[in-house]
Amino acid sequence: MLKFMFNLVIVFSQLSFGFSQVDYESEIQPIFNSKCISCHGDSESAGLDISSYDNLMDGGNNGDVIIPFNHENSELWIRINSGQMPPGNNDLTNNQVDI
């Protein structure tokens, strides 16, 4: 029985390995601040202000940019993943995109 429990713990620990929670304020907002805020801050290009979580979730002129629990259909993900955003020489690193 002890061996079974040990194996069960190993399986569950492997399932959760690599899945860590992301903290918006310390991990995501700094990326927005360095790469996006010049257009999507006070100037609100396309009506989108991402200077805070609440503002991001309010969306922009074209509606919501985040679909909770469905990043692949979120406009923000689509534009970042396609390379459309951020424009110019402000490309995100792979690590930044992965977050």
Inset, instruction - Report yes if residue 87 is outside any helix (DSSP H, G or I), modelled with pLDDT of 90 or more and loosely packed, with under 14 Cβ neighbours inside 10 Å, otherwise no. - result: no
Legend entry - Per-region count, the stretch 38-70, residues in a helix (DSSP H, G or I) and either touching a strand residue (DSSP E or B) at 6+ places or on another chain (Cβ under 7 Å) or surrounded by 13 or more Cβ atoms within 10 Å (Cβ to Cβ) (or both): 10
Inset, instruction - From the list 76, 92, pick out the single residue that is in contact (Cβ under 8 Å) with a residue 60 or more places away in the chain, surrounded by 15 or more Cβ atoms within 10 Å (Cβ to Cβ) and within 15 Å of the chain's Cα centre (by Cα). - result: 92
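The values are calculated or read from the model by the stated rules, or taken from the named source; none is laboratory data. Note that this is a predicted model, so its numbers are computed, not measured. Every residue, glycine as well, gets a Cβ built from its backbone with ideal geometry; the counts of neighbours run over all protein chains shown.
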